[in-house]
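The values are calculated or read from the model by the stated rules, or taken from the named source; none is laboratory data. The structure presented is a predicted model; accordingly, all values stated were derived computationally and were not measured. Cβ coordinates were reconstructed from backbone atoms using ideal geometry, including for glycine residues, and neighbour counts include every protein chain displayed. Each accessible area value is taken on the protein alone, full model and side chains, heavy atoms only, with ligands, DNA and RNA left out. Shrake-Rupley method; radii C 1.70, N 1.55, O 1.52, S 1.80 Å.
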Amino acid sequence: MPDCRVGQGYDIHRLTPGRRLRLGGVTIDSPLGCEAHSDGDVLLHALIDALLGACALGDIGDHFPPSDARYRDIDSTTLLAETLTLLRRQGLHRLVNVDATVFLEQPKLYPYKETIRGTLATLLELSPDRVSFKAKTAEGFPPVGTREAVAAAVTILLEVNPERATSWTKKAES
Ligand code: MG
C-alpha cells in the first residue's frame, strides 16, 4: 500500500481598493484586491501551506518571510515553483490530487472556474482531472460576506517515495 500523506492549508487576506486580485495565478476583474506583502494570492498561499504541511516542512512564513524584501509584491506562482523545487529536491513525493476552495462574495468566480482549475493543473504539472476548484460565498456573513476579505482552503494528497521516507514506520521496522 502506498505511503500517502494529506496536507491542508488555509489563508485569508483583507480586500482593499487599488490592488490587483489574483487567485490561483489568475487575475480577477475586481475593484478590490488583496492587502499583502506579496501579490496576496490566497489560493496559492493555502496551496503552498498544504504542500509543506504534507511533508512536515513548516509553513509559507518559514520559507518566504514577509520581513524579507525579496518577496515584496512577488508573484505567488514564483513562490509555488520554489516550493515544488524544494519538495522535488528532497525526492519525497508525487502529488496525487488537489481540492481547493475560495471564499469570496464578489465578484462571482463562476466565469473563472475552469481557467483557475487549468492554471493550477499547469502550475502543478498535474492532469486537470486531479485538480478540483470550488468557489463559495459567505452568505453575507463577515468578513468574507461583507466583502472585507477573501479566503481559501486547500487539501492535497501526495504519495511518499518509500526509499526517501524517514518515517516512524521505518524506525518501527528496524
Ligand atoms: Mg497569504
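Couple of notes before you dig in:
- Counting only strands (runs of 3 or more DSSP E) that fall entirely inside segment 81-174 and contain at least 2 residues that are farther than 22 Å from HIS13 by Cβ and at pLDDT below 95, the qualifying elements are 93-103, 149-160.
- Long-range neighbours under 6 Å by Cβ, at least six apart or interchain, first residue of a type in the set (Asp, Glu) within segment 1-20, second within 14 Å of the ligand (Cβ to nearest atom) and assigned to a strand (DSSP E or B): ASP11/ALA152
- Any chance THR16 is more than 14 Å from the chain's Cα centre (by Cα), more than 23 Å from GLU163 (Cα to Cα) and not hydrophobic (A, V, I, L, M, F, W, C): yes
- Some residue of segment 84-105 being more than 11 Å from the ligand (Cβ to nearest atom), open to solvent by less than 40 Å² (accessible area, probe 1.4 Å) and free of Cβ contacts under 8 Å to residues at least 24 places away in the same chain: no
- Count of residues meeting criterion [farther than 22 Å from PRO65 by Cβ and crowded, with 20+ Cβ neighbours inside 10 Å] in segment 1-25: 4
Residues are listed down the side, and each one gets a yes or a no for (1) open to solvent by 20 Å² or more (accessible area, probe 1.4 Å); (2) among the basic types (Lys, Arg); (3) touching a Leu at 6+ places or on another chain (Cβ under 7 Å):
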residue	(1), (2), (3)
ARG72	yes, yes, no
GLU82	yes, no, no
TYR112	yes, no, no
ILE116	no, no, yes
THR119	yes, no, no
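- VAL96 meets the conditions (1) in contact with a Cys (Cβ under 7 Å, 6 or more places away or on another chain); (2) closer than 18 Å to VAL26 by Cβ in every case but one. The failed one is (2).
- Looking only at residues in segment 34-58 that are surrounded by fewer than 22 Cβ atoms within 10 Å (Cβ to Cβ), under 21 Å from ILE156 (Cα atoms) and touching a residue at least 12 places away in the same chain (Cβ under 8 Å), the one that is farthest from the ligand (Cβ to nearest atom) is CYS55.
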